[in-house]
Amino acid sequence: MNRRQLLALAALAPAFNVFAQTRFPSRPVRLIAPFAAGGTVDMLSRAIAEPMRSSLGQSVVVENRGGAGGTLGADAVAKARADGYMILFGAVHHAIAQSVYPKLGYDLREMAPIAFLGKVNHALIVNKDLPARNVKELVALLKAKPEVYSYSTPGAGTMQHLMAEYFKSTTQTKMMHVPYRGSAPAIIDIIAGNVHLMFETMPSAIQHIRAGRVRVLAVTSKSRALQLPNVPTISESGAPSYDAASWYGLYAPPDTPADAVTLLNKAVNKAFEDTEFLQRWLDLGAESGGGGRPEDLGALTHSEVTRWGKIAKQAQIIVG
C-alpha cells in the first residue's frame, strides 16, 4: 500500500468512527419501571434486563420513576429522545390511564411498541385477621358494614383500582379506596392492618401469601393461577362474570427508528426462548412468557384501551 492510499484511508477513518459510534446500542439502555421498587413491575423489569443486556451487548439499567398510577414514568419516556436509549416497562395500567387521566400528556397508542412481556394473574389478598375466609364471607362482611372496609392500590387509575371497582359493581358492595405510590407500600399496610384488602399482582403477592403474612381468598382471572392451583377464582366463588388479569410490554418513544425497535424486540424474544429464563419468569408469578412482533403488542394496546375505557367510564373513575 503506497503513501497516497494510506492518506486516503486516514481521511475516511473519522467517517468510520462516526458510523461505529452511532450504531445502536453504543451505550447503556435505560429501562423505566414506572412504579416504586419492590413491586411487580420493578421485579419483572430487573428480570428481563439481564438477558437483554447479554443480547444487546450493553447494560440495561432499570430506573424507578413511580407516581400518578405509573403515568409519570410513561410520560418521561413518551417525551424522551426517540433513539431507543430510554424505554418503558409498560402495563395494562397505561392502557387504562388513557381513559382515567383527562390531562394525560401522551398517548400510549402513539408510542412505539417493542414486545409483549406476558400476562400476570392477580390475587385477592386480605389482612390475615380479617374475619373472611373466602369471597362469599368477604361479600357478606362488606354488605353488613358498608364503607367501613378499605382496599389499597399502587395508585389511582391502576389495574388494581379498576379491579376493585369492578368487584364492587359485580358484588354490589362498598369499600373505601386508599391509593399508594406503588404496590410495595400498599401491601405493607395490608400486612399491618391499616387497610383491609387488595387485588395485587401475583409476583408481588405470592411471597407474602407463602409466608403467611396475608390471606389469599381468590385469584382474578377465569383460570386458576399456576402458582396457587388450589385457590379458587372469583368467578368460581359467586361472581361468575368476573375475569381480569394484567399484561406487560416494552415501549419506546414515538418515532423511534425501526432498527432500534427491531434489535430490542429480538433481545426480548431471545430471552423467552431460553427455557431456564422462562421458568424463572414464571416462578416470579407470571402466567405466561412474552415475545412476538411489535405489531402484536400494538394491536393489544389498542384493544385494551377500548376495553378498560368502558369499565372506567361505568365506574366513573377520573384522576386529576
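The values are calculated or read from the model by the stated rules, or taken from the named source; none is laboratory data. Remember, predicted model here, so these are calculated numbers, not experimental data. Virtual Cβ from ideal backbone geometry, glycine too; neighbours counted across all protein chains shown.
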Number of the exception - A218 against (1) small (G, A, S); (2) surrounded by fewer than 15 Cβ atoms within 10 Å (Cβ to Cβ); (3) closer than 20 Å to L141 by Cβ: (2)
Test result for A244, buried (at least 19 other Cβ atoms within 10 Å of the Cβ), over 23 Å from F24 (Cα atoms) and in contact with a helix residue (DSSP H, G or I) (Cβ under 6 Å, 6 or more places away or on another chain): yes
Residue ranges of strands (runs of 3 or more DSSP E) in region 141-207 with at least 1 members over 21 Å from A286 (Cα atoms), touching a residue at least 40 places away in the same chain (Cβ under 8 Å) and among the aromatic types (F, W, Y): 150-153
Among (1) out of contact with any helix residue (DSSP H, G or I) (no Cβ under 7 Å at 6 or more places or on another chain); (2) part of a loop (DSSP other than H, G, I, E, B) - the single one L297 does not satisfy: (2)
Any hit, region 33-46, residues being farther than 15 Å from T201 by Cβ, crowded, with 22+ Cβ neighbours inside 10 Å and not hydroxyl-bearing (S, T, Y): no
Out of A115, A132, sole residue that is among the aliphatic types (A, V, I, L, M), in the same structural domain as P203 (by TED's automatic domain parsing) and within 30 Å of V219 (Cβ to Cβ): A132
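Just give me the residues in region 127-140 being in contact with a helix residue (DSSP H, G or I) (Cβ under 9 Å, 6 or more places away or on another chain) and in a helix (DSSP H, G or I), in sequence order.
Of region 127-140, the ones in contact with a helix residue (DSSP H, G or I) (Cβ under 9 Å, 6 or more places away or on another chain) are 127-128, 130-132, 134-136, 138-139.
Hits for region 127-140 are V135, K136, L138, V139.
Tally time: how many residues in region 217-261 are of a type outside the set (A, V, I, L, M, F, W, C), more than 18 Å from the chain's Cα centre (by Cα) and within 30 Å of A82 (Cα to Cα)?
Taking region 217-261 first, the residues of a type outside the set (A, V, I, L, M, F, W, C) are 220-224, 227, 229-230, 232-233, 235-238, 240-243, 246, 248-249, 251, 253-257, 259.
Applying the additional criterion that residues be more than 18 Å from the chain's Cα centre (by Cα) yields 222-224, 227, 229-230, 232-233, 235-238, 240-242, 254-257, 259.
Of the ones still in play, those that are also within 30 Å of A82 (Cα to Cα) are 254-257, 259.
Total meeting the criteria: 5.
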Every pair of residues 6+ apart whose Cβ atoms lie under 6 Å, when the first sits in region 97-116 and is under 19 Å from I311 (Cα atoms) and surrounded by fewer than 20 Cβ atoms within 10 Å (Cβ to Cβ) while the second is at pLDDT 95 or above and of a type in the set (S, T, Y): R109/T301
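Does region 53-76 hold any residues that are within 19 Å of the chain's Cα centre (by Cα) and either surrounded by 23 or more Cβ atoms within 10 Å (Cβ to Cβ) or charged (D, E, K, R) (or both), and which are they? Outline the logic, then answer.
Filtering region 53-76 down to residues within 19 Å of the chain's Cα centre (by Cα) leaves 60-76.
V60, E63, R65, G66, G69, G70, T71, G73, A74, D75, listed by residue number.
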Residue within region 51-61 that is modelled with pLDDT under 95 and either in contact with a His (Cβ under 6 Å, 6 or more places away or on another chain) or aliphatic (A, V, I, L, M) (or both) present: no
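Conditions (1) polar (S, T, N, Q); (2) farther than 23 Å from R65 by Cβ; (3) modelled with pLDDT under 95, marked per residue:
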residue: A123; (1), (2), (3): no, yes, no
residue: N127; (1), (2), (3): yes, yes, no
residue: P131; (1), (2), (3): no, yes, no
residue: K143; (1), (2), (3): no, yes, no
residue: G157; (1), (2), (3): no, no, yes
residue: Y166; (1), (2), (3): no, yes, yes
residue: I187; (1), (2), (3): no, no, no
residue: H208; (1), (2), (3): no, yes, no
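Kindly indicate which of A239, A260 is over 18 Å from V92 (Cβ atoms), outside any loop (DSSP other than H, G, I, E, B) and of a type in the set (G, A, S). Quick ask: steps written out before the conclusion?
Details: A239 fails: outside any loop (DSSP other than H, G, I, E, B).
Of the residues listed, the single one that is over 18 Å from V92 (Cβ atoms), outside any loop (DSSP other than H, G, I, E, B) and of a type in the set (G, A, S) is A260.
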Single condition A225 does not satisfy, out of (1) out of contact with any Lys or Arg (no Cβ under 6 Å at 6 or more places or on another chain); (2) touching a residue at least 24 places away in the same chain (Cβ under 8 Å); (3) small (G, A, S); (4) surrounded by fewer than 22 Cβ atoms within 10 Å (Cβ to Cβ): (4)
